[in-house]
Each structure stands twice: as C-alpha cells, then as structure tokens.
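These notes concern the structure reproduced below.
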Amino acid sequence: MMTDAKKMAKQMIDFYKTTFDNSFSAMMMLQEQMERMSTMFWGQMTNLPDESKKALLEWTKNYKKGCEEFKKMMDDSFKKLETYFAEGEKPEKAKAV
C-alpha cells in the first residue's frame with residue numbers, strides 16, 4: 001500500500017504537471033499571436049532586406065523548435081516521476097506467517 005507521504009507527493013507532481021501544461025499552452029498561444037503580428041509587420045516593411053526577413057523567420061523557427069524540445073523533456077521527466085510513484089502502488093506480496 002502506498003504511504004500517505006507518497007500519495008501526497010504524487011498529488012503534488014500531478015498538480016505541478018497540470019500547472020506546467022496549462023502555463024506552457026498559454027505561453028505558446030501568446031507566442032503564436034506575436035509571431036503572426038510580427039510576420040505581418042515585417043511583411044509591410046518595404047525597407048527591410050529580404051535577408052533580414054529570412055533571418056527573423058529562421059529565428060522564429062528555432063525558437064519554436066526549442067520550445068517543442070523543452071516540452072518533450074518536461075513530459076519525459078513527468079513520465080519518469082509518474083513511473084516512480086506507480087511502482088509504489090504495486091501491491092505488496094503477502095508475508096508468510
């Protein structure tokens with residue numbers, strides 16, 4: 001049987017994961033909106049060289065890739081924690097008397 005301390009720790013990890021997922025999702029929505037606005041702004045700048053526009057688009061692409069890698073790393077870490085606490089839930093073998 002899982003101890004109360006492990007149950008509480010598992011609940012805390014679940015809370016942290018939910019909080020992280022919600023915060024990350026909100027951050028990505030904000031980033032996508034800013035990307036759309038920036039792309040529109042850059043497109044209207046007639047004096048901005050094409051090389052600069054390409055560099056800005058590449059920077060945005062790399063930022064997205066970094067965010068995706070960070071999210072994957074966090075998801076993997078949370079899975080490892082969930083596995084650890086799931087192992088604590090395995091029923092104990094009956095002890096011989």
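For the range 1-26, give me each residue that is outside any loop (DSSP other than H, G, I, E, B) and surrounded by fewer than 12 Cβ atoms within 10 Å (Cβ to Cβ). Result: Asp4, Ala5, Met8, Gln11, Met12, Phe15, Thr18, Thr19, Asn22, Ser23, Ser25, Ala26. Look at the range 29-50: where a residue is among the hydrophobic types (A, V, I, L, M, F, W, C) and a partner is surrounded by 11 or more Cβ atoms within 10 Å (Cβ to Cβ) and not in a helix (DSSP H, G or I), sitting 6+ places away or on another chain with Cβ atoms under 8 Å, you get Trp42/Leu48.
Looking across the range 57-82, just one residue is surrounded by 11 or more Cβ atoms within 10 Å (Cβ to Cβ), modelled with pLDDT of 90 or more and among the aliphatic types (A, V, I, L, M), and that is Met74.
The values are calculated or read from the model by the stated rules, or taken from the named source; none is laboratory data. Keep in mind it's a predicted model, so treat the numbers as computed, not measured. Cβ sites come from the backbone with ideal geometry, for glycine too, and all protein chains shown count toward neighbours.
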